[in-house]
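A.B. asks: One structure is given below, represented as structure tokens, and several questions about it will come after.
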Amino acid sequence: MKQNKMKKVAIIGGGIVGATAAYLLSKNSNYVTTLFDSGKGQATKAAAGIISPWLSKRRNQQWYALAKDGAAYIDDLAQETQMTADTYLQSGTIVTRKRSADLDELEQLALKHRQTAPEIGEIQRVSAEEIQSLLPLVTADLEGIFVSGGARIDGNNFVNHLVKLGEKNGLRFVHAEVQLKDEQTVLVNEKLENFDFVLVCAGAGIKRLLSPLNYEVRVHSQKGQLIELKVPAYSNDVSAPVLMPEGEKDFMPVGNGQLIIGATHENNPENTTAFTDSALHELLTSAIRIDSRLSEKNLVANRVGMRAFTDDFAPFFGWPDSQHIMVASGLGSSGLTTGPLIAKLMVSLIETPNHFSNYQKEISNYIHKKG
């Protein structure tokens, strides 16, 4: 019996999309996969975020479908790959509102969305006293909605976990910056390598990579900065819910006296790599409004990453009028939620045509060949 020739796949960008796609392809013996990543400015490795899309009021229903199904897929992936609590934990989330009427509306939205997304779990209205019981760090007078299905995720740990599993399956990882010479040829370390398919998952870097091939990509750069604080540990801080306070930065206890605050959303920044004093002031001031006992003395670390976003703040993925290059970009601040599912869908597109119009607009709205 004639055996099918194994296909060579290059993945450029080892963030949440690229790392997930690399892991998934590494399990398929029909493909030989190489993951290229320079490690510079990657959004995922700097990110620690919240998986809780069900209370979002974004009107883009395609985005909501992608985020809702993405949240369910991440939980499946976490169980499949046995992620530890420092990588992914379904700790629950609390979303606060200042007005009682807004809380009523939020609660009704949660109940409505649970009809099609049972993974939202328990929905409970929580008082200031109940929030402070769950999160002893909180001194602010807040009320909110708790959903038990919400989770927190550490992007760096998530990526490293999947890449290590992929390498055990034969994934080749190359830590280097690359260029595309044509739709099947990658220049890396002054050598040319040819592939059957190239998946470009490089966030805002997609413009640089595809420009030599005459593609115009409508994405912009967004800088995200966050801080880590050392705070008093308490008995359940490893499993404590994360807090999304109205008008403030996310407040994420992650155990062992570590508290993460963030992140900023800075569109088209001039400085793309350095942590800034203005970000520190913005993040710390927000944190102090939640816990009045905090100060700059609690600061132990900071993180900086670059996201990509589109004019309508929607992600895109698929074949941009090419038989060899597939792209994904524009995930913005919801990348930790939508990225793994986008990777799964991209991998499926290698073998099965589909536009996934339930999840996105036409890809030509975001990328096309010039002329």
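The values are calculated or read from the model by the stated rules, or taken from the named source; none is laboratory data. Here the structure is a predicted model, which is why all the values come from computation and not from measurement. Counting neighbours? That spans all protein chains shown, and the Cβs are built from the backbone with ideal geometry, glycine included. What goes into the accessible areas is simple: the full protein's heavy atoms, side chains included, and nothing from ligands, DNA or RNA. Shrake-Rupley method; radii C 1.70, N 1.55, O 1.52, S 1.80 Å.
A.B. asks: Report every pair of residues separated by at least 6 positions or lying on different chains whose Cβ atoms are under 7 Å apart, first residue within segment 222-241 and of a type in the set (Ser, Thr, Tyr), second assigned to a loop (DSSP other than H, G, I, E, B).
C.D. replies: Correct list of pairs: Tyr234/Pro136; Ser239/Ser91.
A.B. asks: Now a separate question. Check off (1) within 19 Å of the chain's Cα centre (by Cα); (2) of a type in the set (Phe, Trp, Tyr); (3) more than 23 Å from Leu24 (Cβ to Cβ) for Tyr88 and give me the number that stays unchecked.
C.D. replies: Going through the list (1) within 19 Å of the chain's Cα centre (by Cα); (2) of a type in the set (Phe, Trp, Tyr); (3) more than 23 Å from Leu24 (Cβ to Cβ), Tyr88 breaks only (3).
A.B. asks: Turning to a different aspect of this structure: Does Arg289 satisfy the criteria of being in contact (Cβ under 8 Å) with a residue 40 or more places away in the chain, of a type in the set (Lys, Arg) and surrounded by fewer than 23 Cβ atoms within 10 Å (Cβ to Cβ)?
C.D. replies: When the stated conditions are applied, Arg289 passes them.
A.B. asks: Condition test on Ile342, is it over 18 Å from the mean Cα position of the chain (by Cα), among the aliphatic types (A, V, I, L, M) and at pLDDT 95 or above?
C.D. replies: When the stated conditions are applied, Ile342 does not pass them.
A.B. asks: Could you list, in sequence order, all residues of segment 253-275 that are touching a helix residue (DSSP H, G or I) at 6+ places or on another chain (Cβ under 9 Å), open to solvent by less than 40 Å² (accessible area, probe 1.4 Å) and modelled with pLDDT under 95? Steps first, answer last, please.
C.D. replies: Initially, segment 253-275 is screened for residues touching a helix residue (DSSP H, G or I) at 6+ places or on another chain (Cβ under 9 Å), giving 259, 261-266, 272.
Then keep just the ones that are open to solvent by less than 40 Å² (accessible area, probe 1.4 Å); that gives 259, 261-264.
If the condition is that a residue be touching a helix residue (DSSP H, G or I) at 6+ places or on another chain (Cβ under 9 Å), open to solvent by less than 40 Å² (accessible area, probe 1.4 Å) and modelled with pLDDT under 95, then Gly262, Ala263, Thr264 are the ones that fit.
A.B. asks: In addition: Quick one: which residue in Leu336, Leu341, Leu294, Leu299 is of a type outside the set (Gly, Ala, Ser) and closer than 25 Å to Ser29 by Cβ?
C.D. replies: Leu341
A.B. asks: Could you say which residue among Leu135, Leu243 is hydrophobic (A, V, I, L, M, F, W, C) and either out of contact with any helix residue (DSSP H, G or I) (no Cβ under 8 Å at 6 or more places or on another chain) or surrounded by fewer than 16 Cβ atoms within 10 Å (Cβ to Cβ) (or both)?
C.D. replies: Working: Leu243 fails: either out of contact with any helix residue (DSSP H, G or I) (no Cβ under 8 Å at 6 or more places or on another chain) or surrounded by fewer than 16 Cβ atoms within 10 Å (Cβ to Cβ) (or both).
Of the residues listed, the single one that is hydrophobic (A, V, I, L, M, F, W, C) and either out of contact with any helix residue (DSSP H, G or I) (no Cβ under 8 Å at 6 or more places or on another chain) or surrounded by fewer than 16 Cβ atoms within 10 Å (Cβ to Cβ) (or both) is Leu135.
A.B. asks: Of the residues that make up segment 349-358, is at least one aliphatic (A, V, I, L, M), open to solvent by 20 Å² or more (accessible area, probe 1.4 Å), assigned to a strand (DSSP E or B) and on the phi < 0 side of the Ramachandran plot?
C.D. replies: The answer is no; no qualifying residue exists.
A.B. asks: Anything in segment 210-237 that is over 21 Å from the mean Cα position of the chain (by Cα) and either open to solvent by 60 Å² or more (accessible area, probe 1.4 Å) or within 30 Å of Gly318 (Cα to Cα) (or both)? List them, or say none.
C.D. replies: Leu210, Ser211, Pro212, Leu213, Asn214, Tyr215, Glu216, Lys230, Pro232, Ala233, Ser235
A.B. asks: Looking at Ser91 and the list (1) in contact with a Leu (Cβ under 8 Å, 6 or more places away or on another chain); (2) outside any helix (DSSP H, G or I); (3) crowded, with 20+ Cβ neighbours inside 10 Å, which single condition is not satisfied?
C.D. replies: Here Ser91 clears every test but (1).
A.B. asks: Further, regarding this structure: Any chance segment 139-157 includes a residue that's buried (at least 22 other Cβ atoms within 10 Å of the Cβ), modelled with pLDDT under 95 and assigned to a helix (DSSP H, G or I)?
C.D. replies: There is at least one residue in segment 139-157 that is buried (at least 22 other Cβ atoms within 10 Å of the Cβ), modelled with pLDDT under 95 and assigned to a helix (DSSP H, G or I).
A.B. asks: Right, next: Scan segment 300-318 residue by residue and report those that are assigned to a strand (DSSP E or B), surrounded by fewer than 19 Cβ atoms within 10 Å (Cβ to Cβ) and in contact with a helix residue (DSSP H, G or I) (Cβ under 8 Å, 6 or more places away or on another chain). Explain how you work it out, then say what you get.
C.D. replies: Our first condition is that a residue be assigned to a strand (DSSP E or B); within segment 300-318, this holds for 300-309, 316-318.
Of the ones still in play, those that are also surrounded by fewer than 19 Cβ atoms within 10 Å (Cβ to Cβ) are 300-302.
Across segment 300-318, the qualifying residue is only Asn302.
A.B. asks: On to the next question. Which helices (runs of 4 or more DSSP H) does segment 1-87 wholly contain that include 1 or more residues that are at pLDDT below 95 and small (Gly, Ala, Ser)?
C.D. replies: It comes to 43-46.
A.B. asks: Would you confirm, using the coordinates I've provided, whether Ser334 is open to solvent by less than 80 Å² (accessible area, probe 1.4 Å) and free of Cβ contacts under 8 Å to residues at least 40 places away in the same chain?
C.D. replies: Criteria not met by Ser334.
A.B. asks: The conditions are (1) under 21 Å from the mean Cα position of the chain (by Cα); (2) part of a strand (DSSP E or B), and Lys207 fails exactly one of them. Which is it?
C.D. replies: That leaves (2) as the condition not met.
A.B. asks: Quick one: in segment 17-74, of everything that is among the hydrophobic types (A, V, I, L, M, F, W, C) and surrounded by fewer than 19 Cβ atoms within 10 Å (Cβ to Cβ), which residue is nearest to Asp102 (Cα to Cα)?
C.D. replies: Residues of segment 17-74 that are among the hydrophobic types (A, V, I, L, M, F, W, C), as a first pass: 17, 19, 21-22, 24-25, 32, 35-36, 43, 46-48, 50-51, 54-55, 63, 65-67, 71-72, 74.
Add one more test, that the residue is surrounded by fewer than 19 Cβ atoms within 10 Å (Cβ to Cβ), and what stays is 32, 65, 72.
Details: Val32: 52, Ala65: 23, Ala72: 26 Å.
My answer is Ala65.
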